[in-house]
Amino acid sequence: MLHNAIFNLMEYQSIINKISEEIRPLLNNGKVASYIPALARVSPNKFGMAISTVRGEVFSCGDAGERFSTQSISKVFTLAMVMDSMGDALWERVGREASGNPFNSLVQLEYEHGIPRNPFVNAGALVVTDCMMLENAHPLDDLLDFARKCAGNPTLDYDREVAASEKATGHRNAALAWFLKSYGNLVNDVDKVLDVYFHQCSLAMSCTDLARAFLFLAHGGTDPVSEKIICGPRQAKRINALMQTCGLYDEGGEFTYRVGLPGKSGVGGGIVAVMPGELTIAVWSPGLNSAGNSLAGSKALELFTTYTAKSIF
Ligand code: GLN
């Protein structure tokens, strides 16, 4: 066991060091998200990677300790809270199929009568946020507490500048929210839902925080470090399944083909992937590809699963 741990320590550390060198030429190929002005200021040269294992080991390199905007990665926390509090009633308001459309698309919502395809496209996440607000008297505090519990880090916080910046420019999300309201699939006041949603997206975390925060999904719903139960094993399995099919928007097939792990991305340039039973891996590189996923981050995860032969397939 000890030998094994030491072997892994050297192996994982040298693999992520090697990957961070190899992806360096790609850092300028992506485009930092500019539709949220506060995100446009982030340097495209940032790159970090962190691994958390279910045995409690942590490996990291580059800018893994620097906090960035989690954006859509935060949708996993809200979903976990709502799946726990609402159970199957959630699925009357949101679907579980890949959308095959960009994350902020409006068209599908009309064809499908106001029921978003899945909880990770923006329309679906707005519905999940609305549900979370119905179940929690203090949604922003409760969500922050939940994320802090998952990450084992009581200092996590929202980035209020990013939230305000998105609120000022998030016209598409406002359109989606009003559209949902017109179909009767948004219960709370539209402006209040948008405010909670924009704060949720602004949650600032590092790769190290994110790898630790997703560890419960690699360990049947329980954080193996603190031994706190975050959700049941059935929910953990289902969240991983949803990340596999819907976590990378209209690039879920490509990510599955290239990386072979359930994952969740955000336009802040982060991606977290889960190897059930073993580890989580978080990567951050702000330059995005045309689907809104981190360009170098996707490649880094592909190299990781190639070098380690770790995949759920
Ligand atoms: N806050 C972003 C938005 O709503 C989240 C999208 C994302 O990360 N893909 O546009």
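The values are calculated or read from the model by the stated rules, or taken from the named source; none is laboratory data. On a predicted model such as this, the values are computed, not experimentally measured, just so you know. Cβ placement follows ideal geometry from the backbone for every residue including glycine, while neighbour counts extend to all protein chains displayed. These area figures cover heavy atoms from the full protein model, side chains too; ligands, DNA and RNA do not enter into them. Shrake-Rupley method; radii C 1.70, N 1.55, O 1.52, S 1.80 Å.
The table below lists the values:
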{"item": "Sequence-separation-based contact order of the chain, relative, with Cα cut under 8 Å and 6+ spacing, percent", "result": "27 percent"}
{"item": "Of the GluC sites (Glu not before Pro) in region 210-257, those whose Cβ has at most 11 other Cβ within 10 Å and which sit in DSSP loop", "result": "Glu227"}
{"item": "In region 5-92, the GluC sites (Glu not before Pro) that fall in loop regions by DSSP, at most 16 other Cβ within 10 Å", "result": "Glu57, Glu66"}
{"item": "Distance from region 7-46 to region 257-274 (C-alpha centre basis), Å", "result": "13 Å"}
{"item": "Debye-sum result for region 19-164 in log10 I(q)/I(0), which assumes one identical scatterer on each alpha carbon, at q = 0.14 Å⁻¹", "result": "-0.90"}
{"item": "Region 64-113, Cα convex hull volume normalised per residue, Å³", "result": "115 Å³"}
{"item": "Average accessible area per residue (Å²) across the chain - probe 1.4 Å, nucleic acids and ligands excluded", "result": "40 Å²"}
{"item": "Under Karplus coefficients 6.51, -1.76 and 1.60, residue-wise ³J(HN,Hα) of region 89-100 in Hz, glycine/proline x", "result": "4, 4, 6, 7, 10, 8, x, 9, 10, 4, 8, x"}
{"item": "For Pro276, net neighbour charge (Lys/Arg +1, Asp/Glu -1) across residues whose Cβ lies under 14 Å away", "result": "+3"}
{"item": "Those aspartates and glutamates that a straight Cα-Cα span of less than 17 Å connects to Lys46, excepting residues fewer than 8 apart in one chain", "result": "Glu21, Glu22, Asp63, Glu66, Asp209"}
{"item": "The chain: angle of helix 171-182 to the longest principal axis, Cα-based, in degrees nearest 10", "result": "50 degrees"}
{"item": "Structure-based [θ]222 nm, the chain - -39500 (n - 2.57) summed over DSSP H runs of at least 4, per residue, nearest 500", "result": "-14000 deg cm²/dmol"}
{"item": "Positive-end residue of Leu186, Gln200, Ala175, charge dipole of region 148-215 with Cβ unit charges", "result": "Leu186"}
{"item": "Nonlocal amide H pairs with Phe68, under 5 Å, H built at 1.01 Å", "result": "Met205, Ser206"}
{"item": "Average projection area in nm² (convex hull over Cα atoms of region 202-288, one quarter of hull surface)", "result": "5.6 nm²"}
{"item": "Net charge of Cβ neighbours under 14 Å - reference Gln13; Lys, Arg +1; Asp, Glu -1", "result": "-2"}
{"item": "Dipole magnitude (debye, nearest 20) for region 119-169, charges at Cβ of Lys, Arg, Asp, Glu", "result": "80 debye"}
{"item": "Solvent-accessible area, 1.4 Å probe, carbon plus sulfur percent, for the chain", "result": "54 percent"}
{"item": "Mean separation of Cα contacts under 8 Å (6+ apart) over length of region 185-313, as relative contact order %", "result": "20 percent"}
{"item": "Region 57-125, relative contact order [Cα under 8 Å, separation at least 6], %", "result": "29 percent"}
{"item": "C-alpha long axis of helix 233-246 to longest principal axis of the chain, angle in °", "result": "80 degrees"}
{"item": "Of Asn101, Thr155, Leu295, farthest towards positive along the dipole that unit charges on Lys, Arg, Asp, Glu beta carbons give the chain", "result": "Leu295"}
{"item": "The chain: angle of helix 160-169 to the longest principal axis, Cα-based, in degrees nearest 10", "result": "50 degrees"}
{"item": "Charge tally in the Cβ shell below 13 Å around Cys231, where Lys, Arg are +1 and Asp, Glu are -1, Cys231 excluded", "result": "+3"}
{"item": "Cα-centre dipole for the chain with unit charges at Cβ (Lys and Arg positive, Asp and Glu negative), debye to 20", "result": "420 debye"}
